[in-house]
Every structure is written in C-alpha cells, then in structure tokens.
Amino acid sequence: MNSRVSYELVETVGVITIDNPPVNALSQAVRAGILDAIRASRADDSKAVLICCAGRTFSAGADISEFGKPPQEPFLPDLLNEIEASDKLVVAALHGTALGGGFETALACHYRIALDSASIGLPEVKLGLFPGAGGTQRIPRLAGVAAAVDLMASGKPITAARAAELGLVDKVVSGELREAALAYTNELLAAGAPVRRVSELDVDPVDSSLFDELRTTLARRARGQIAPLKMLESVQAALTLPFAEGLAQERELFLELMRGSQSNALRHVFFAERTAAKIRGLPRETPRREIKQVGIIGGGTMGGGIAMTFANADFPVVMLEINDAALARGLSIVDRNYDGSVKRGKLSASQATACRELISGTTDYAALAQCDLVIEAVFEDPKLKQDIFARLDKCCKDGAILATNTSYQDVDEIAAATDRPEDVIGLHFFSPAHIMKLLEVVRGEKTADDVLATCMALGKKIRKIPVMSGVCYGFIGNRMLQPYFREGQLCLIEGSTPERVDAAMQEWGMAMGPISVGDLAGLDVGYKAREALAIDERGDPKSFRVSDALVEMGRLGQKSGAGFYTYDAETRVKSSDPVVLEVIVQAAKALDVERREIDADEIVDRLIYSLVNEGLRVVEEGIAQRPSDIDVVYVYGYGFPAWRGGPMHYADAVGLDKVLARVTEFRDRFGAANWTPAPLLQKLAAEGSTIEAWAAAAANG
Ligand code: T1G
C-alpha cells in the first residue's frame, strides 16, 4: 500500500485504513493505495474487506486541490467499480463527515455501517460540480430519484439515521466504530450475506413529469448555476441507460463542469474562505485569550443578533441597555428572532430555549466586570462610542477584549478613548447578525497580536467566516459599496428606473438589486451620514438627490413601508410606485440631467467594475491582506454570486485588459473623479497579468 493507506488482516477480514489528514481527501496517493489493497485482498486469505479511515472523519471527498490539473490514475470512478466488483464482501465504516467522493466510495462497497454521530453529504454542487464517481447512478438505485436529487441538489449533509431510513446506510452504531464494524462484517459472513452491488439494482420508476418539476424547481432555486441541472440530466440517465453507459455519461457531464468557469469560481471561493483565516506574519501558535463570558452593549437589531450568534455557539451573554424599557425591547427582539428560527425549522424549540437561556440582560456596567469579551453595538455616533469605551476601560477586567461593531467609524479613535488600545478591535457583523456568515475583524493600529488571533479563531467558533480588515472608512465591504451604490443611483437619475437597475443586477446574479438593498438598510442611514458632512464633502448630488428627496417625503425604505418601492405591511412584498419615477424625473431636471436609455450591460459593468476598481485600491493600500479576501467579503457579506467567484476573480475571468478598457471608457464618459483606473489595474493589464498571479507572487514574496 503506501504512507496514506494501510492494509492488514484482522483474522479473516482485510482492513483497509485510509490515513490522509486532515479530512482523508481521496488524493492520487490514497486512490493508488486503496487500489493496491483491494487487489491484494483478492489473493490473500481474507473472507471480507473493511474500508475505514483514521482521524476525525471518513473521507470528505476527492482532493479538491487536484482539480483543474490533468487527472491522474487511478481515476476515482474506475477505482470504485473495482471495489464493487470484488467477489469478497466489502464493508465501509463511516464516521465524521462522509462527503462527496468519500460517500461515493462507501456506495461502491456492498454494505455500510455508520457511527450515529456521522453525517453523510454530497456537497459537490457547492463547487459547481455534482457527484462524479457514480453517485448520480448509485444513489437513485438505493434511495429513489426524489431523495437522491434532493441530497445532491441541496449539498446539505444528513444524519446517519436519516441515511439509514433512505437505505444509504445499513447499520448505525454508537461507541467504538472499528470494533463494531469488524463484528458487523463477521456477522455478515456468518449469515452468508451476498455480495450486494448497487449497480445491479434497478431504479424505481418515476412519473416522467417529476423531472420537469425538478428541473423547474432547481432552475429557480439555483438561479444561474448549471451544476444542479446537469446533475438532474445524469440522474435521468440512471433510469434509461444501463449502469456502465450511465456512468460514462455522468463522467462526461462531470468533466464538462470541472472545466467550466462556474466550478473554477466556486473552488476559488472554497479555498479563499480558508485562506482568509490565515494572517500573514501571525504564527498559527500565537496564544489566544480564553473567551467564556461575552457582553453586548446595545439591544438593537445588531446587538440582539450578535447576542444570539454567541448564544447559539454556547457562550453565555449579558446584554446591556441604557434602561429597563430599552433592555426589554432588546430582549423581545431576541425572543422574536428565536421564534422565527423555530418556525423556519432552523432550530428546534428545545434548542431555541437552551440558547435563549444563555442571554441575560442588565442596565449596570458593573455586570460586565467578568466578561472576557465585550462588543459595543450602538448606533453610529462616534462620540457615544468613545464614551462607552471609556466606561468599559474602567469597568472591564484586565485582559478583556473590547470590540466595536461599528460599520464605518475609526477603530483607532475608539481605541484612543481607553488606556488599553492593544485590547481594542473591530468585530463588524452583518445584519441580520445571527444569519449572515461574514465577520470583518478590524485590526487597529495598536491591536495586540493575541487579540487578533483570538478574534479570528472566535469567528470560526461562532460559525462565521472571519476576514481581517485594516482601518479605513467602511473597512473592506462598505468602502467598496460606496461606488457600487453611487453608480446605481447615477444610472437611475441618468435614465433608468429602480426596477430596471435591480433587474439587471439580479439577472447577473446578485442576491438583491442595489435599489432594494438601499430600501432594506434604510435610506435615512445615508441621509443622516451626509447631514453630518459639509456640503462640499457630500459628493456628486446626482448620486443622492433622489434618495434624499424620498427621505424628506418620509419614504425611508422598508422600515417606513415605502422607499424606492412600496412594501406590504404584512408580507413586505415590494411593488413599484409611479410617484418614485416622478421624483427621479424632477431630480434629473433640477440637476440638468438629460435622461437616456441605459441598457443592462452598462448597469452591470458600471456597478461591478466600480467594485473591482475600488477593491484593487483596498488591496494596494493593505486594507485587505489579499485579493481573495475581498472575494470572500463580497460573496458572504453582500450577496455576490459565488459561482462568479467574487469581484477579483470575476475581473480575472473577464480579462483585465477588457476591464481596464471599460473603466477607461467610463472615465472618459463620466469623469475621472469616479472612474480613474486603480494603479494596480493599470499595471496588471499592461503586463497582461492577472490578479491571481499578482496575489500568488505577493504571498510568496
Ligand atoms: N480536498 C482537499 N482539501 C480539503 C478538502 C478536500 N475535499 N476538504 C477540506 N480540505 C482542507 C481545507 O482546505 C483545509 O485546509 C483543511 O482541509 C481543513 O478544512 C468525485 C468531485 C470536511 C466539513 O466538498 O466541507 O468529492 O486550510 O477548514 O471546518 O464526486 O473541509 O487547513 O490548509 O474546512 O473542520 C467534495 C469539502 C469534494 C468537502 C471539514 N467534498 N470540505 O470542515 O475544516 S468534490 C467537499 C468541507 C468530490 C466526487 C467529487 C470541510 C469539512 P487548510 P476545513 P472543517
């Protein structure tokens, strides 16, 4: 065998053990080792074979780092066919997360035993693929078409018990898996259990209309993504073709996706998310402070959501508000959110109760004295934040981490309000905080390394995706959002409508159009921010005159029932309102703007390239560590389609020469103030290089 796969006879059972930390990915060495072992089992005295994994999990799938490179033999589907063809019983023993090609390996075995704590999943669609090692042919044969499609289209794991209900697992045990699996294998031998090849089973017939329904559902749910529909096509072949032909078609469709831009983008996001957790110059072994008790200042929407985020990760939380009435309001937001989580099936009633009991309330700063971490989440008033931090400096214990959830304010100025700036950091959550995955960890000039390391690790513990940012107005995400929103408003006043701007961006793949996002966040937020600025600091009035006019009409967005759209009080469903177009036309007249037709391509390029151009500046200034961090921020915090990889990856996919040409065209049409190409864009386009290549060189620099 080899260093990754061992094979030993345990009495009459040949045990193949895969040991490829951290997740037993099926690398070429692992595949070769398994092949050697299964061939050795043919010639020895074994009566059956058991395949298991060392470490924390059964194989979590193919080795994604090999994708995009020339495939190396043995190819996984061929290896699995050889396992299945064995004349001796082959049993798989599952623990941890048996995912993707890992579970497909188990499906090629004749029987499957799993620990009750194990989960089984086929997450390939999240990589722009589908199970390409027999999964689309074998799962329908065991679980039926509908359950198979649901498993492969959602990419979500199921429990071992649920897998057993579906016929995907034969036995579920608790305790010591290896012993139980050996005993089970011997039981099968003693009972004369047959070699049971899934490929020899038939798929239960289904009504042909089912595939039409599934195609419609998947096209709607996976808006723009091709992998789920290709998976469906492959499953359909399982009903009409012999296994070998179905497998061949599966392979062809799979390789087509592997070569495609969507899978390339999704694999980029997979690794970018994990790379973001690594801080250059901060050793992995940097000590971390122990966080047991968390304090939250402010019981508004954000404070409540953050409190829930920590409680949901088993941290006791104390929420502080200025008086009993405000505290009661804050805790009622939490209660309402937990009721919603239970109604939506995100949490069971008992889980919600257990989490809710971890959240207590106070109006007394002294109650924060034992907190290891306190997060300020009050509204964006710099003076108020500094006063709060001055008080925290007095009442919190030495070594407590003092964090601000500010979206824009200067973390260094907030830190300067304390005598312990090294303990101050930004933890910027995204609303709704208990749902959105992104967490911007804002490193102040004096933030201590152990505080930063603690907060990056804590981000993962509370099931967020942490990305470090330097200090600037809006950090990474909101800073880039400024030009993005600006271009959306300019397209409006120059000739478009809220519906057409939103439709262009949603068709392109954004989760929500920028005009609707503005209504969701509240048009008064920008209005108030501009009021605090001098007239000449507010920027081009064409980019906010309409929005301000709506605020002055009392149309603040969803919160007031109307903004650029009107919203049903109950369902919050939005409708167009002809009043708004009139406001837009009047604003254009007042500013001497001659309205014109603006097509979707121009809207998309102006909004997306404004993100690219500003993002490259954010990288050049060192606010973001690397371009892929920007992709993680936009995919997980701003609804950028993961199957386009994020603003930086997308710019490479288009070609930087084309992006620069379009940005230069916009500069010539709309002015240098908004459209001067970022120096890095000019440099890389001139060199015929890519952002990815530049980032790789910088990482190895
Ligand atoms: N291949 C290569 N590396 C992987 C990997 C994989 N499949 N899964 C994880 N890693 C690395 C990851 O990059 C990180 O590296 C380390 O392992 C720990 O991961 C033919 C084609 C299993 C739930 O999509 O969902 O099979 O940063 O930080 O939070 O049909 O990893 O330490 O250097 O995520 O405990 C299908 C992807 C592949 C599973 C564990 N399988 N992995 O989560 O650790 S395609 C997947 C995960 C396939 C077949 C198809 C998670 C996890 P580093 P981590 P974690």
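The values are calculated or read from the model by the stated rules, or taken from the named source; none is laboratory data. None of the values given here were measured: they were computed from a predicted structure. Counting neighbours? That spans all protein chains shown, and the Cβs are built from the backbone with ideal geometry, glycine included.
Applying the selection to the stretch 98-116, what residues are in a loop (DSSP other than H, G, I, E, B) and under 16 Å from Val23 (Cα atoms)? Don't jump to the end; show me each part of the working.
Applying the first criterion (in a loop (DSSP other than H, G, I, E, B)) to the stretch 98-116 yields 100, 109-110, 116.
Of everything in the stretch 98-116, just one residue is in a loop (DSSP other than H, G, I, E, B) and under 16 Å from Val23 (Cα atoms), namely Gly100.
The set of residues from the stretch 195-245 being in contact (Cβ under 8 Å) with a residue 60 or more places away in the chain, of a type outside the set (Val, Ile, Thr) and part of a loop (DSSP other than H, G, I, E, B) comprises Arg196, Arg197, Leu201, Asp202, Asp204, Ala222, Arg223, Gly224, Gln225.
To keep it simple, each residue is scored yes or no on (1) of a type in the set (A, V, I, L, M, F, W, C); (2) closer than 28 Å to Lys460 by Cβ.
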residue: Asn323; (1), (2): no, no
residue: Asn337; (1), (2): no, yes
residue: Val342; (1), (2): yes, yes
residue: Thr362; (1), (2): no, no
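Among the residues of the stretch 489-500, is any under 30 Å from Asp419 (Cβ atoms) and crowded, with 23+ Cβ neighbours inside 10 Å?
Taking the stretch 489-500 first, the residues under 30 Å from Asp419 (Cβ atoms) are none.
No, every residue in the stretch 489-500 fails to be under 30 Å from Asp419 (Cβ atoms) and crowded, with 23+ Cβ neighbours inside 10 Å.
Looking at the stretch 87-97, which of the residues that are surrounded by 21 or more Cβ atoms within 10 Å (Cβ to Cβ) and more than 10 Å from the ligand (Cβ to nearest atom) is farthest from Ile16 (Cα to Cα)? Per the criteria, the residue is His95. Taking every residue in the stretch 115-140 that is away from the ligand (no atom under 11 Å from the Cβ) and pairing it with any residue that is charged (D, E, K, R), at least 6 positions away or on another chain, the pairs with Cβ-Cβ distances below 7 Å are Gln137/Glu250. Would you call Val604 within 30 Å of the chain's Cα centre (by Cα), farther than 16 Å from Gly509 by Cα, of a type in the set (A, V, I, L, M, F, W, C) and assigned to a helix (DSSP H, G or I)? Judged against the criteria, Val604 is not a match. Residues that are more than 13 Å from the ligand (Cβ to nearest atom) and under 18 Å from Arg267 (Cβ atoms) within the stretch 49-81 comprise Pro70, Gln72, listed in sequence order.
Among the residues making up the stretch 678-693, those that are touching a helix residue (DSSP H, G or I) at 6+ places or on another chain (Cβ under 7 Å) and in a helix (DSSP H, G or I) are Pro679, Leu680, Leu681, Gln682, Leu684, Ala685, Ile691, Glu692. Is it the case that some residue within the stretch 179-193 is touching a helix residue (DSSP H, G or I) at 6+ places or on another chain (Cβ under 9 Å) and either assigned to a helix (DSSP H, G or I) or in the same structural domain as Ala114 (by TED's automatic domain parsing) (or both)? Yes - at least one qualifying residue is present in the stretch 179-193. Of the set (1) touching a Gly at 6+ places or on another chain (Cβ under 6 Å); (2) closer than 23 Å to Ala453 by Cβ, all apply to Val318 but (2).
Within the stretch 263-292, restricting attention to residues that are out of contact with any helix residue (DSSP H, G or I) (no Cβ under 7 Å at 6 or more places or on another chain) and among the charged types (D, E, K, R), the residue that is farthest from Leu402 (Cα to Cα) is Arg274.
Quick grid of which residues meet (1) among the hydroxyl-bearing types (Ser, Thr, Tyr); (2) buried (at least 19 other Cβ atoms within 10 Å of the Cβ); (3) more than 22 Å from Gly14 (Cα to Cα):
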{"site": "Ile113", "(1), (2), (3)": "no, yes, no"}
{"site": "Asp116", "(1), (2), (3)": "no, no, yes"}
{"site": "Gly121", "(1), (2), (3)": "no, yes, yes"}
{"site": "Pro194", "(1), (2), (3)": "no, no, no"}
{"site": "Val206", "(1), (2), (3)": "no, no, yes"}
{"site": "Ser209", "(1), (2), (3)": "yes, no, yes"}
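Can you tell me which residue in the stretch 3-31 is surrounded by the most Cβ atoms within 10 Å (Cβ to Cβ), limited to those that are small (Gly, Ala, Ser) and more than 16 Å from the ligand (Cβ to nearest atom)? Break it down stepwise before answering.
So the first thing to find is which residues in the stretch 3-31 are small (Gly, Ala, Ser), and the list is 3, 6, 14, 25, 27, 29.
Next cut, more than 16 Å from the ligand (Cβ to nearest atom) only: 3, 6, 14.
Numbers: Ser3: 9, Ser6: 15, Gly14: 24.
My answer is Gly14.
Of everything in the stretch 260-286 that's part of a loop (DSSP other than H, G, I, E, B) and within 12 Å of the ligand (Cβ to nearest atom), which residue is farthest from the chain's Cα centre (by Cα)? Please lay out each step first, then the result.
First, pick out the residues of the stretch 260-286 that are part of a loop (DSSP other than H, G, I, E, B): 260, 276-286.
Pick out the ones that are also within 12 Å of the ligand (Cβ to nearest atom) and you get 276-278, 284.
Values: Ala276: 12, Ala277: 13, Lys278: 17, Arg284: 23 Å.
So the residue we want is Arg284.
When the stretch 537-564 is filtered for residues that are outside any helix (DSSP H, G or I) and either not aromatic (Phe, Trp, Tyr) or not assigned by TED's automatic domain parsing to the domain that holds Ser576 (or both), the ones remaining, listed by number, are Arg538, Gly539, Asp540, Met553, Gly554, Arg555, Leu556, Gly557, Gly561, Ala562, Gly563. Filtering Leu320, Leu327, Leu282, Leu266 for residues that are touching an Asp or Glu at 6+ places or on another chain (Cβ under 8 Å) and crowded, with 21+ Cβ neighbours inside 10 Å leaves a single hit, Leu320. Taking the criterion of being among the basic types (Lys, Arg), surrounded by fewer than 18 Cβ atoms within 10 Å (Cβ to Cβ) and assigned to a helix (DSSP H, G or I), the only residue of the stretch 123-176 that qualifies is Arg162. Apart from one condition, Arg336 fits all of (1) closer than 21 Å to Val378 by Cα; (2) of a type outside the set (Ser, Thr, Tyr); (3) in a loop (DSSP other than H, G, I, E, B); the exception is (3).
Whenever a residue of the stretch 142-163 is closer than 16 Å to Phe211 by Cβ, its partners that are acidic (Asp, Glu) and not in a loop (DSSP other than H, G, I, E, B), lying with C-beta atoms within less than 8 angstrom and at least six residues away or across chains, give the pairs Met152/Glu124. Sort out which residues of the stretch 392-432 are part of a loop (DSSP other than H, G, I, E, B), under 27 Å from the mean Cα position of the chain (by Cα) and farther than 19 Å from Asp381 by Cα, and write them in order of number. Matches in the stretch 392-432: Pro432 only. Arg42 satisfies every condition listed in (1) surrounded by fewer than 20 Cβ atoms within 10 Å (Cβ to Cβ); (2) more than 27 Å from Arg259 (Cβ to Cβ); (3) within 11 Å of the ligand (Cβ to nearest atom) except (3).
If you check Val593 against the conditions, is it in the same structural domain as Glu665 (by TED's automatic domain parsing) and in a helix (DSSP H, G or I)? Break it down into steps so the answer makes sense when it comes.
On the way: in the same structural domain as Glu665 (by TED's automatic domain parsing): yes; in a helix (DSSP H, G or I): no.
The answer is no for Val593.
Within the stretch 223-236, can one find any residue that is away from the ligand (no atom under 16 Å from the Cβ), of a type in the set (A, V, I, L, M, F, W, C) and either at pLDDT 95 or above or surrounded by 15 or more Cβ atoms within 10 Å (Cβ to Cβ) (or both)? Taking every residue of the stretch 223-236 in turn, at least one turns out to be away from the ligand (no atom under 16 Å from the Cβ), of a type in the set (A, V, I, L, M, F, W, C) and either at pLDDT 95 or above or surrounded by 15 or more Cβ atoms within 10 Å (Cβ to Cβ) (or both). Within the stretch 1-41, the set of residues being more than 38 Å from the chain's Cα centre (by Cα) and polar (S, T, N, Q) comprises Thr12, Ser41.
Put simply, of Glu179, Glu104 the only residue that is acidic (Asp, Glu), out of contact with any Phe, Trp or Tyr (no Cβ under 7 Å at 6 or more places or on another chain) and within 16 Å of the ligand (Cβ to nearest atom) is Glu104.
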